[in-house]
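To start, the structure itself, in structure tokens.
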Amino acid sequence: MSLRFAYNTNGAANHRLDDALSLIADAGYDGVALTLDIHHLDPFAESWAQDAERVRGRLYSLSLGSVIETGARFLLDPRAKHEPTLVTADAAGRARRVAFLHRAIDIAAILGSEAVSFWAGVPKPGIDPAEARGWLRDGLDQVVAYAAERRVVAALEPEPGMLVETLDDYAALDIPGLSLALDTGHCLVTQEREPAAAVHEFADRLGTVAIEDMARGTHIHLPFGEGDMDVPGVLDALEAIRFDKLVCVELSRESHRADRMIPDSLRYLRECRR
């Protein structure tokens with residue numbers, strides 16, 4: 001089988017969405033990991049539903065599949081990066097995050113996306129971890145239930161530094177219907193497992209997979225060949241489990257040279273399969 005690759009639009013933040021989609025399609029990708037943002041299908045715009053329908057048509061015309069990503073930095077609060085989250089102390093803030101994730105699920109349903117990827121958040125200093133876990137479970141229950149109604153895959157991404165940081169943290173939640181969004185580079189940051197081993201261990205729970213290069217212990221998304229990732233080994237593992245969903249390249253720091261990184265990344269991945 002042939003793996004299917006996508007490119008995350010958070011690595012094309014200086015491009016209009018239509019232009020980014022054209023670059024991704026022209027490079028030969030099979031899909032796009034669409035990070036909803038103020039300039040890339042703003043989920044809070046009054047015309048969000050019509051915008052989503054238009055993007056659906058655009059993806060269809062370009063033969064691109066999709067995954068919805070929800071990691072935009074200042075989409076919910078222009079003064080606080082990534083806030084509010086599912087573990088924010090303010091109940092109204094947590095409700096705003098849940099409402100956003102519901103909207104992301106609605107957009108995924110319109111686009112026919114393979115999954116919606118999201119993360120837990122970082123508890124602020126002084127927050128009781130047990131209380132934060134309670135808030136998280138409550139939010140996750142709401143998101144998973146809504147995703148099931150809309151027949152969308154909800155996938156939680158363990159993120160270094162967040163309340164759900166490792167694959168063990170994800171597994172401990174044990175929430176039926178909650179898939180895993182595996183960023184293989186994060187395994188190198190937390191050094192909990194080798195990325196290829198993680199692919200095999202969680203094969204039956206994978207909702208979506210991200211790949212990039214990364215140095216061990218350092219959470220910086222790097223172009224392929226600049227870190228410690230055994231990219232061929234990860235691709236071998238994905239092929240071994242017959243992973244047929246999109247494998248998404250995430251280079252969120254490379255927007256300034258997206259014109260080069262989009263085609264270069266796919267070229268690297270294809271060379272790894274020869």
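The values are calculated or read from the model by the stated rules, or taken from the named source; none is laboratory data. These figures come from a predicted structure and were not determined experimentally. All Cβ positions, even for glycine, are placed from backbone atoms using ideal geometry, and neighbour counts span all protein chains on display. In case anyone asks, the SASA skips ligands and DNA or RNA and just uses the protein heavy atoms, side chains included. Shrake-Rupley method; radii C 1.70, N 1.55, O 1.52, S 1.80 Å.
For region 41-63, the tally of residues that are in contact (Cβ under 8 Å) with a residue 24 or more places away in the chain, open to solvent by 80 Å² or more (accessible area, probe 1.4 Å) and in a loop (DSSP other than H, G, I, E, B) stands at 2. Restricting the first residue to region 194-213 and requiring it to be free of Cβ contacts under 8 Å to residues at least 60 places away in the same chain, which pairs with a second residue that is open to solvent by 10 Å² or more (accessible area, probe 1.4 Å) and outside any loop (DSSP other than H, G, I, E, B) meet a Cβ separation below 6 Å and a spacing of at least six or different chains? Close Cβ pairs (under 6 Å, with a partner that is open to solvent by 10 Å² or more (accessible area, probe 1.4 Å) and outside any loop (DSSP other than H, G, I, E, B)) amount to A196/G233; R205/S179; D213/L222. In region 158-173 there is no residue that is in a loop (DSSP other than H, G, I, E, B), of a type in the set (S, T, N, Q) and open to solvent by 40 Å² or more (accessible area, probe 1.4 Å). One residue stands out among those in region 239-274 that are farther than 27 Å from H15 by Cα and in contact (Cβ under 8 Å) with a residue 24 or more places away in the chain: the one that is most open to solvent (accessible area, probe 1.4 Å), which is R242.
Within region 216-238, residues that are among the small types (G, A, S) have Cβ atoms under 6 Å from residues that are open to solvent by less than 60 Å² (accessible area, probe 1.4 Å) and at pLDDT 95 or above in these pairs: G227/D213; G227/M214; G227/A215; G233/A196; A237/A196; A237/V199, counting only partners at least 6 apart in sequence or on another chain. Within the bounds of region 128-150, is there any residue that is of a type outside the set (D, E, K, R), part of a strand (DSSP E or B) and crowded, with 21+ Cβ neighbours inside 10 Å? For region 128-150, residues of a type outside the set (D, E, K, R), part of a strand (DSSP E or B) and crowded, with 21+ Cβ neighbours inside 10 Å: absent. Conditions: (1) of a type in the set (A, V, I, L, M, F, W, C); (2) under 25 Å from K245 (Cα atoms); (3) in a loop (DSSP other than H, G, I, E, B). A104 meets all but one. Number of the miss? (3) is the only condition that A104 fails. If a residue has to be of a type outside the set (G, A, S) and in contact (Cβ under 8 Å) with a residue 60 or more places away in the chain to count, how many in region 168-186 make the cut? Within region 168-186, residues that are of a type outside the set (G, A, S) and in contact (Cβ under 8 Å) with a residue 60 or more places away in the chain number 1.
Taking the criterion of being assigned to a loop (DSSP other than H, G, I, E, B) and either at positive phi or touching an Asp or Glu at 6+ places or on another chain (Cβ under 7 Å) (or both), the residues of region 215-243 that qualify are A215, R216, G217, H221, P223, F224, G225, E226, G227, M229, R242.
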